[in-house]
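The next block holds one structure in the form of structure tokens; read it before the comments.
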Amino acid sequence: MRHLSVPSEQTQVWLQRCRANGWLAQTGVVVVGEHHRGLPLTDDAPAEGDACWEGFPHVEVEPRNRGPTHWTEHLPEHLQSLPESTWPSSYEIMGDILILKLEEKAEPHAQAIAEAMLAQIPPLRLVCADDGVMGDFRVRDLTPIHSRDGSTTTKTRVKENDQVVDVDPGEVYYSARLAHQRKKTHDEVRAFRQRLNRPVVVADPYAGVGPSFVLLLKDTDLLQGYLAGDLNPKAVDLMRQNIARWSRKIDTEFTPATVLCKDARTWKDEPELRGKADVVLVNLPHDSFEHLPDLFPLFVPHGEGLLRGWAIIERTTIDTRVEQLERLVRAAGGTPKETRVSEIKDFSTTRIKVVFQTLIAWE
């Protein structure tokens, strides 16, 4: 196939020129020598000697065959004619696992779908069907469909803020979508540390596998110590692994440095936990406001504290939530300041997810 050979640095200029004149063929640009690129030309493009080419030569190069651009192109031929609506329109990749929801019409073709997705995305190891949330720990009910190497474990590793995080979506809750909120939490804790002019102790009783500590731990001189926990023992096992690995890279002795599997509402009964935190994070969206009275005793009982959390609420109640939060703080003996409750996203047609935060002055 005829290609126009141009210097690499002029590729974009000539691409635009050929495209504007209808001379660019529908195949990819190829490498021609070390410093030149070959632009595929249509049969209607002017001959090589035409002045429009400004002396650049034409070369014959075999065009690159384009591979499949979508996983459905890997489906068996007898399935290619089925309506596009048959196939899953979205999926989530977590580490080397792909998770998708299968509608009833797609279920008979689950094996073919999984094999096609593995063919299209080489780094994947396992494709699982998401059958919804189950149990007290609200973890996904995952059914392995097909594995590249025969392994069906849902334990995997993801990257968040340049750190490796051990997760297991079939046993514990983890959402990569919340990484942005975790970055904002780090920024708020950093600002609070500057306000106090000293490192702080952060308590996160709903820490899951510990992703809230990815940035908090690596930020030099931010933390004095941490109290991290969860009620799901499998999450706590992974959290211990994660925090231990992240801490090995840090030349800091954290005090306290506590990871435990314990109901957050009972932390206040333990002397080593009560009255130790400058910052308390509350990520139990369905019950956050209800748990707050049991969490206030975790704060250092003098000076200022920072409360930050997330909740799922009825949209119509958002205007009352600042007042509710401040009322709860006062009932615990504190004075709220700079209280805010802000919508993050829709949760359903009538409910929204919000982030709430307040500074607390303790008497």
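Quick note: the coordinates plus some simple rules give every number you see, no bench work behind them. Everything numeric here is computed off the predicted structure, so don't read it as measured data. All Cβ positions, glycine included, derive from the backbone under ideal geometry; neighbour counts span all protein chains shown.
Quick look at the numbers
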read-out	value
With 10 Å bins from 0: P(r) over the chain, alpha-carbon pairs, percent	5, 19, 21, 17, 15, 12, 8, 3, 0
Fully extended contour minus Cα-Cα distance, from ASP162 to VAL133, at 0.36 nm per residue	7.6 nm
Cα-projected label distance for LEU231 with GLN324, points at 7 Å along beta-carbon direction, nm	1.9 nm
Theoretical gain in end-to-end length, GLU272 to VAL61 [0.36 nm per residue, Cα-Cα removed]	68.7 nm
For segment 71-154, size of Cβ-based charge dipole, Lys and Arg +1, Asp and Glu -1, in debye	180 debye
222 nm mean residue ellipticity, helices alone, for the chain (DSSP H n ≥ 4; -39,500 (n - 2.57); rounded to 500)	-7000 deg cm²/dmol
Rough spin-label spacing in nm, given labels placed 7 Å along Cα→Cβ, for THR152 and LYS345	3.0 nm
Fewest-first ranking of GLU48, GLU60, using other Cβ atoms within 10 Å as the exposure measure	GLU60, GLU48
Formal net charge of residues neighbouring ARG19 (Cβ-Cβ distance under 15 Å; K, R +1; D, E -1)	+1
Spatial extent of segment 174-362: Rg and Dmax, with the Cα atoms as the point set, Å	15.7, 48
Cut-off 20 Å, label 7 Å out along Cα→Cβ of HIS286, residues of segment 327-358 by amide N	344-356
GNM flexibility winner over the chain from ASP219, ASP319, ASP287 (Cα, springs under 10 Å)	ASP319
Two-site label geometry, ASP187 and ILE93: point separation in nm, points 7 Å out along Cα→Cβ	2.7 nm
Extreme residue, positive dipole direction of the chain, given options LEU118, LEU222, ALA332 (C-beta unit charges)	ALA332
Fewest-first sequence of TYR206, TYR91 by Cβ atoms within 10 Å of each Cβ	TYR91, TYR206
Alpha carbon centroid spacing (whole Å) that separates segment 94-111 from segment 151-225	29 Å
Order of LEU79, LEU215, LEU41 - criterion: other Cβ atoms within 10 Å of each residue's Cβ, fewest first	LEU79, LEU41, LEU215
